[in-house]
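Presented below is the structure to which this report refers.
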Amino acid sequence: QVQLVESGGGLVQPGGSLRLSCAASGFIFSRYTMNWYRQAPGKERELVASISRAGDTSNYADSVKGRFTISRDNAKNTVYLQIDSLKPEDSAVYYCNIRSGISVYWGQGTQVTVSS
């Protein structure tokens, strides 16, 4: 079955960086666009970044452009999210996600907290 396991979150000071990872299994990774979402307390889950199957195209939410970089390693079945210049408003649980037909799959999420 599809499994998505996020890691790499933590507590970081404003201006700091983190690299999130999402290890995927149970499906042919290279055939799917991969997405990163985040959800802050009291807010809706929002899409922050997507990357194409071959990794040659990526898209970002306006709020993270220039600070977040999504990448993937199809040999390792892993997608990454490099987060730089972190702001307190980036604090959220970060999830990776795939869509397959009408099915949507989520990992358990990794918490990112930005605080001094």
Please work out the average accessible area per residue across the stretch 1-50, using the 1.4 Å probe convention, and give it in Å². 55 Å²
Once amide H atoms are placed 1.01 Å from N in the peptide plane, what residues at a sequence separation of 5 or more from Ser91, or on another chain, have their amide H within under 5 Å of its amide H? Val114
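Let me have the relative contact order for the chain, percent, based on Cα pairs under 8 Å that are six or more residues apart. Write out the running numbers ahead of the final one.
Working: 281 pairs, mean separation 41.7, N = 116.
So the answer I get is 36 percent.
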When the Cα centres of the stretch 5-37 and the stretch 57-116 are compared, how far apart do they sit, in Å? 5 Å
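Shape call for the stretch 70-113 from the C-alpha gyration tensor, a ≥ b ≥ c root eigenvalues: rounded (a/c under 1.5), prolate (a/b greater than b/c) or oblate?
Working: a/c = 2.72, a/b = 1.47, b/c = 1.86.
Taking the square roots of the gyration eigenvalues as a ≥ b ≥ c, the stretch 70-113 is oblate.
According to the square roots a ≥ b ≥ c of the eigenvalues of the Cα gyration tensor, what is the shape class of the stretch 1-44, taking rounded for a/c under 1.5, prolate for a/b larger than b/c otherwise, and oblate for the remainder?
Numbers: a/c = 2.58, a/b = 1.81, b/c = 1.43.
Judged from the Cα gyration tensor, the stretch 1-44 comes out prolate (a/c at least 1.5, a/b above b/c).
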Once phi is turned into θ = phi - 60°, what whole-Hz ³J(HN,Hα) does the Karplus curve with 6.51, -1.76 and 1.60 give for every residue of the stretch 89-105, x standing for Gly and Pro? 6, 7, 4, 4, 8, 9, 10, 9, 7, 9, 10, 10, x, 8, 8, 10, 10
Under 15 Å from a label point 7 Å along Cα→Cβ of Thr33: give me every residue in the stretch 73-116 with its amide N that close. 97-105
Identify, among Ser21, Thr57, Phe68, the residue whose Cα sits farthest towards the positive end of the charge dipole of the chain, taking +1 on the Cβ of Lys and Arg and -1 on the Cβ of Asp and Glu, with the dipole about the Cα centre. Thr57
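The values are calculated or read from the model by the stated rules, or taken from the named source; none is laboratory data. Given the structure is predicted, the values throughout are model-derived calculations rather than measurements. Reconstructed Cβ throughout: ideal geometry from the backbone, glycine too, with neighbour counts over all protein chains shown. Only protein heavy atoms, including side chains, enter the accessible area calculation; ligands, DNA and RNA are left aside. Shrake-Rupley method; radii C 1.70, N 1.55, O 1.52, S 1.80 Å.
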